[in-house]
There are 2 protein chains.
Amino acid sequence: MRTYLDCIPCFLRLTIEQGRLLTGDEIVHRELMNEAVKLVPGFSLGLTPPRMVKEMQEVIKRRFPNCDPYKKVKDQSNHRAMELYPMLKEKVARSEDRLLTAVELAIAGNVIDYAAKNNLNIEHEIQTILAGSFTADQKSVFEYDLFRKELADVKTILYLADNAGEIVFDRVLIEEIGTGREVIFAVRDKPILNDAIIEDAVFCGLDKICRVISSGVDSPGTVLEYCSDEFLKIFKEADMVISKGQGNYEALTEAPRKIFFLFKVKCPVIARHSGAQMGDIVLKQL
Amino acid sequence: MRTYLDCIPCFLRLTIEQGRLLTGDEIVHRELMNEAVKLVPGFSLGLTPPRMVKEMQEVIKRRFPNCDPYKKVKDQSNHRAMELYPMLKEKVARSEDRLLTAVELAIAGNVIDYAAKNNLNIEHEIQTILAGSFTADQKSVFEYDLFRKELADVKTILYLADNAGEIVFDRVLIEEIGTGREVIFAVRDKPILNDAIIEDAVFCGLDKICRVISSGVDSPGTVLEYCSDEFLKIFKEADMVISKGQGNYEALTEAPRKIFFLFKVKCPVIARHSGAQMGDIVLKQL
């Protein structure tokens with residue numbers, strides 16, 4: 001998916017947010033903003049949003065090398081989601097359609113996204129997830145029958161992770177679909193926003209239930225140009241690819257293979273592009 | 001109120017929105033964005049947001065002199081609000097506390113704000129307004145008793161308008177408080193966003209019930225430095241000033257006189273500054 005002008009205010013918001021997480025010095029915040037806006041006229045809108053974010057991220061990295069502004073946020077998300085794990089498992093166990101419930105939970109877990117929602121009330125979101133199932137209205141683009149059917153013949157699955165915390169919800173889905181199949185769980189190579197990296201996956205026990213690898217990228221989406229050869233081989237050969245979150249969707253809508261995209265719609269640009277509404281849970285094959 | 005870094009993505013969003021209202025040419029949209037971001041490093045954040053918006057507005061005006069991108073939106077808002085007028089009057093007539101209901105409606109009318117909400121579902125907002133009264137939760141900053149008390153001794157009121165359409169709701173309040181008092185209704189001098197100007201006030205019949213003047217500004221908030229001498233004299237001498245909307249609040253929080261601010265909280269920066277929550281209706285004297 002190309003970058004839209006609407007994405008640019010959002011990129012700047014991410015820059016401010018990270019500046020504030022890294023220092024209380026308002027002059028530095030201002031300087032980061034000034035450096036970030038200078039990049040805008042040079043942006044190639046034909047490229048995907050995760051590539052643009054990576055480019056803008058250099059502004060943060062120049063000032064704070066090797067920083068991980070969301071480290072604390074990610075740790076909190078992992079801890080809170082792990083506390084929820086038994087409840088998630090119980091919800092699946094009690095369900096009439098275990099796979100459907102696990103898919104819905106995995107997508108719902110995509111709300112654990114500090115980056116997309118400044119004022120996220122995580123507890124409120126979690127209560128909403130645990131309380132109910134989703135209405136048909138919220139599933140206008142939800143190709144569950146296709147997913148279930150294709151899954152039946154699959155031996156290897158590449159699962160592209162999105163955020164820390166959210167990966168506990170992914171774990172619940174992988175535990176449902178992993179029996180008799182090889183699942184490879186791919187995370188970002190280096191910290192970028194609140195995206196999961198290897199240590200998050202290990203903390204949340206993903207390494208106990210499947211193979212965990214780095215995709216090689218430090219962009220907030222699996223941009224194939226940045227991926228490692230090891231990852232690309234698996235990406236090409238896996239029977240099924242499951243992609244979580246908006247960032248991976250943005251990066252991979254024109255990828256040279258079929259992918260099942262699972263995400264919650266958090267912005268109007270993605271809503272338009274995917275044909276869904278804001279807040280919907282999407283399961284869509286491209 | 002000073003400008004915060006959080007305001008800048010919002011200013012850019014307004015630039016994109018106006019570009020799209022003025023032309024379908026995406027290259028022009030991009031050029032407008034590029035010119036707008038160039039202004040950011042020169043911004044003095046000590047100044048108020050409406051001053052910054054006016055500065056950024058020059059980017060639009062250079063390309064589209066004498067344009068009024070929101071003309072159609074404003075006309076639609078005026079028409080729809082005038083259709084509602086009889087229902088608003090009935091709601092006040094049936095109320096146990098006519099003044100309270102009129103104040104609540106006037107603030108609720110502040111949702112007719114195309115500029116602050118890209119995806120405004122105006123009919124939904126209006127149904128919400130007509131359906132109910134507001135809960136205590138939504139009125140955490142609501143100095144109604146003070147307002148009622150001070151109003152008792154007042155002979156002249158300067159009423160600062162905000163948006164087209166919304167001014168019909170203002171009319172209902174002015175009809176409640178205008179008996180035995182002189183009310184002067186001040187609108188912007190020239191088109192800026194969806195803010196009301198003289199022709200909107202005349203269309204909505206404000207000139208039939210009070211004196212309508214221009215404040216002299218073409219900023220989306222009553223920035224005193226830009227106001228006409230006629231306006232400033234009235235501003236100084238009026239027994240009471242009622243200010244509608246966030247833009248006027250941003251412009252006037254440090255004004256050299258007491259003002260009653262009435263607005264609905266539409267952004268996190270204003271929420272923090274006013275001590276209210278997003279979505280609250282605020283009645284606050286400063």
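May I ask you to verify whether residue B:223 is within 30 Å of residue A:13 (Cβ to Cβ) and within 14 Å of chain A (Cβ to nearest Cβ)? Talk me through it step by step, then tell me what you get.
On the way: within 30 Å of residue A:13 (Cβ to Cβ): yes; within 14 Å of chain A (Cβ to nearest Cβ): no.
No, not satisfied.
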Response to the item:
Those residues of the range A:39-59 which are under 17 Å from residue A:6 (Cα atoms) and over 21 Å from the mean Cα position of the chain (by Cα) amount to A:39, A:40, A:41, A:42, A:43, A:44, A:45, A:46
Worksheet item: residue A:26 is checked against (1) away from every other protein chain (no Cβ under 13 Å); (2) free of Cβ contacts under 8 Å to residues at least 12 places away in the same chain and fails just one. What number does that condition carry?
Response: (1)
Fill in: The lone exception for residue A:186 - which of (1) more than 14 Å from chain B (Cβ to nearest Cβ); (2) surrounded by fewer than 21 Cβ atoms within 10 Å (Cβ to Cβ) it fails
(2)
Practice prompt. Show the residue pairs that are 6+ apart or on different chains and have beta-carbon atoms under 8 Å apart, the first residue being within the range A:264-286 and more than 11 Å from chain B (Cβ to nearest Cβ) and farther than 19 Å from residue A:112 by Cβ, the second being surrounded by fewer than 15 Cβ atoms within 10 Å (Cβ to Cβ) and among the polar types (S, T, N, Q).
Written response: A:275/A:140; A:276/A:140
Worksheet item: Which of (1) touching a residue at least 24 places away in the same chain (Cβ under 8 Å); (2) closer than 30 Å to residue B:109 by Cβ; (3) not assigned by TED's automatic domain parsing to the domain that holds residue B:223 does residue B:32 not meet, given it meets every other one?
Response: (2)
Worksheet item: Hey, any hits in the range B:152-162 for a residue that's in contact with an Asp or Glu (Cβ under 6 Å, 6 or more places away or on another chain), of a type in the set (Ser, Thr, Tyr) and surrounded by fewer than 17 Cβ atoms within 10 Å (Cβ to Cβ)?
Response: yes
Practice prompt. Go over the candidates B:145, B:170 one by one and state the one that is at pLDDT 90 or above, in contact with a helix residue (DSSP H, G or I) (Cβ under 7 Å, 6 or more places away or on another chain) and part of a helix (DSSP H, G or I).
Written response: B:170
Worksheet item: Can you tell me which residue in the range B:38-60 is nearest to residue B:247 (Cα to Cα), limited to those that are surrounded by 13 or more Cβ atoms within 10 Å (Cβ to Cβ) and among the charged types (D, E, K, R)?
Response: B:51
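With respect to residue B:53, determine if the residue is more than 12 Å from chain A (Cβ to nearest Cβ), closer than 21 Å to residue B:22 by Cα and part of a helix (DSSP H, G or I).
Answer is yes for this residue.
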Worksheet entry | Answer from B:196, B:186, B:164 - the residue that is in contact (Cβ under 8 Å) with a residue 60 or more places away in the chain, closer than 30 Å to residue B:20 by Cα and in contact with a Ser or Thr (Cβ under 7 Å, 6 or more places away or on another chain) | B:164
Worksheet item: Can you tell me which residues in the range B:230-286 are β-branched (Val, Ile, Thr) and out of contact with any strand residue (DSSP E or B) (no Cβ under 9 Å at 6 or more places or on another chain)?
Response: B:269
Item to complete: Name every residue in the range A:1-23 that is among the acidic types (Asp, Glu) and more than 7 Å from chain B (Cβ to nearest Cβ), in order of residue number.
Response: A:17
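Here is a yes/no grid of residues against (1) assigned by TED's automatic domain parsing to the domain that holds residue A:219; (2) in contact (Cβ under 8 Å) with a residue 40 or more places away in the chain; (3) of a type in the set (A, V, I, L, M, F, W, C):
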{"residue": "A:49", "(1), (2), (3)": "no, yes, no"}
{"residue": "A:52", "(1), (2), (3)": "no, yes, yes"}
{"residue": "A:56", "(1), (2), (3)": "no, yes, yes"}
{"residue": "A:78", "(1), (2), (3)": "yes, yes, no"}
{"residue": "A:86", "(1), (2), (3)": "yes, no, no"}
{"residue": "A:89", "(1), (2), (3)": "yes, yes, no"}
{"residue": "A:104", "(1), (2), (3)": "yes, yes, no"}
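The values are calculated or read from the model by the stated rules, or taken from the named source; none is laboratory data. Everything numeric here is computed off the predicted structure, so don't read it as measured data. Please note: Cβ atoms are built from the backbone with ideal geometry, for glycine as well, and neighbour counts cover all protein chains shown.
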